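Undergrad: Mind looking over this structure? Questions follow.
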Amino acid sequence: MSNLKAYKYRLYPNKKQAETLQWTLDRAREFYNKAECAGSRVLLVSPKYTSQKCSGCGAIVQKELEERWHECSCGCSLDRDHNGALNILRLGLQATKTLSRARTERSEDAPLRSPRL
Ligand SMILES: [Zn+2]
């Protein structure tokens with residue numbers, strides 16, 4: 001969070017925008033804390049194309065912001081936010097698998113050590 005605070009003054013010199021960013025950072029901090037208290041983990045994923053990509057087939061379906069319904073030629077038809085949420089979930093699950101695989105590979109490569117006594 002401290003790195004983000006440093007950026008806010010460079011990216012958002014306007015006082016109102018800085019206050020808005022601070023409010024967003026505070027909500028994010030609350031979200032992280034609640035997730036941690038609940039024993040959950042928060043993963044950050046790129047929002048790129050999450051509203052344009054079809055959660056059914058992966059095709060890019062361009063739409064304007066005011067278009068609230070996702071309709072794809074594959075037959076996938078659902079609310080735009082629902083489609084985006086499914087894409088975000090998929091990215092999070094992929095990131096989790098990548099992290100698990102990295103941990104497993106790291107632990108297999110790690111030399112055997114006797115425990116500290
Ligand atoms: Zn589709």
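Bear in mind that the values in this text are calculations on the coordinates, not laboratory data. As the structure is a prediction and not an experimental result, all values here were calculated from the model. Glycine gets a Cβ as well: all are built from the backbone with ideal geometry, and neighbour counts include every protein chain shown.
Undergrad: Of the peptides 47-57, 67-77, how do they stack up when ordered by the mean number of other Cβ atoms within 10 Å, highest first?
TA: Taking the mean over residues of other Cβ atoms within 10 Å, the ranking is 47-57, 67-77.
Undergrad: For Leu86, what is the net charge nearby, where nearby means another residue's Cβ is under 15 Å from its Cβ and Lys, Arg count +1, Asp, Glu -1?
TA: Net charge around Leu86: 0.
Undergrad: How many nm separate the modelled label positions at Glu105 and Ala59, each set 7 Å beyond the Cα in the direction of the Cβ?
TA: So the label points at Glu105 and Ala59 sit 3.4 nm apart.
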